[in-house]
Amino acid sequence: MRIRPATAADLPLLGDIERAAGECFRTVDMPEIAEDEPLDLDRLDAYRRSGLAWVAADAADRPVAYLIAEPVDGALHIEQVSVHPDWAHRRIGRALIEEAARAAAERGLESLTLTTFTEVPWNAPYYTRCGFTPIPDERLSPGLQHIRAEEAIHGLDRWPRIAMIRRFHRTPPADAS
């Protein structure tokens, strides 16, 4: 599996990955999430052009998973990570998260953030295993408050949700003297 930046040619495949990955929400009585339409190509392309869209590609260089992110209040916020179910349970999502963490550190950002469902096993419990911790609502940054408000407008607050953060442990530069 190879993690690489998304290309314009990849973008039409990302919606198919997200739709397939979303089907598992039917198993936890959340069919509305499974039926939610993926981001349109223009929005996906904006992430690609910003350098904050990655895919995990198979041996034929065909995307099987993707992650998109954007800077929010000094952190890199993971907007979406989807793994096609045929490729699930192979640590591909974690590899994409690690790529986002690398890119965030290169940009001088000090953490990753995301919002997720608290009671879905492959959401908050998974992200906890990836090093994320919950952010209490009263400590949300203005950008995360805005994201949570947008999610509420779209009906995502019908199910318990939470914002989470993964801070980086930076090593101070070695003394040059």
All positions within the range 133-159 that are of a type in the set (Lys, Arg) and touching a Leu at 6+ places or on another chain (Cβ under 9 Å): Arg148
Spot the failing condition for Ala105; the list is (1) surrounded by fewer than 23 Cβ atoms within 10 Å (Cβ to Cβ); (2) of a type in the set (Gly, Ala, Ser); (3) closer than 18 Å to Thr7 by Cα, and only one is missed. (3)
Ala100 within 18 Å of Ala21 (Cβ to Cβ), without any contact (Cβ under 8 Å) to a residue 60 or more places away in the chain and within 13 Å of the chain's Cα centre (by Cα): yes
From the option list Ala75, Ala46, single residue qualifying as buried (at least 18 other Cβ atoms within 10 Å of the Cβ), over 27 Å from Val28 (Cβ atoms) and modelled with pLDDT of 95 or more is Ala75
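Table: residues versus (1) out of contact with any strand residue (DSSP E or B) (no Cβ under 8 Å at 6 or more places or on another chain); (2) under 27 Å from Ile135 (Cα atoms); (3) not hydroxyl-bearing (Ser, Thr, Tyr).
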position	(1), (2), (3)
Leu13	no, no, yes
Ile17	no, no, yes
Gly22	no, yes, yes
Glu35	yes, no, yes
Asp42	yes, no, yes
Ala65	no, yes, yes
Ala69	no, yes, yes
Just to be sure I understand, how many residues within the range 93-128 are basic (Lys, Arg) and in contact with a helix residue (DSSP H, G or I) (Cβ under 8 Å, 6 or more places away or on another chain)? 0
Per the filter on the range 1-18, residues touching a residue at least 40 places away in the same chain (Cβ under 8 Å), of a type outside the set (Asp, Glu) and either under 17 Å from Arg43 (Cβ atoms) or assigned to a helix (DSSP H, G or I) (or both) are Pro5, Ala6, Thr7, Ala8, Leu13, Leu14, Ile17
Condition check: more than 25 Å from Arg148 (Cβ to Cβ), surrounded by fewer than 17 Cβ atoms within 10 Å (Cβ to Cβ), at pLDDT 95 or above and within 17 Å of the chain's Cα centre (by Cα). Does Arg4 satisfy that? yes
When you go through Glu37, Glu98, Glu32 one by one, which is the residue that is within 27 Å of Arg148 (Cβ to Cβ), modelled with pLDDT of 95 or more and not small (Gly, Ala, Ser)? Glu98
Before we move on, is Arg19 within 26 Å of Gly155 (Cα to Cα), of a type in the set (D, E, K, R) and in contact with a helix residue (DSSP H, G or I) (Cβ under 6 Å, 6 or more places away or on another chain)? no
Answer from Arg139, Arg161, Arg148 - the residue that is modelled with pLDDT of 95 or more, within 24 Å of Thr27 (Cα to Cα) and charged (D, E, K, R): Arg161
Looking at Ile92, Ile147, Ile135, Ile165, which is the one that is crowded, with 16+ Cβ neighbours inside 10 Å and either within 19 Å of Arg4 (Cα to Cα) or among the acidic types (Asp, Glu) (or both)? Ile92
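The values are calculated or read from the model by the stated rules, or taken from the named source; none is laboratory data. Treat the numbers as computed from the prediction; the structure is a model and nothing was measured. Cβ coordinates were reconstructed from backbone atoms using ideal geometry, including for glycine residues, and neighbour counts include every protein chain displayed.
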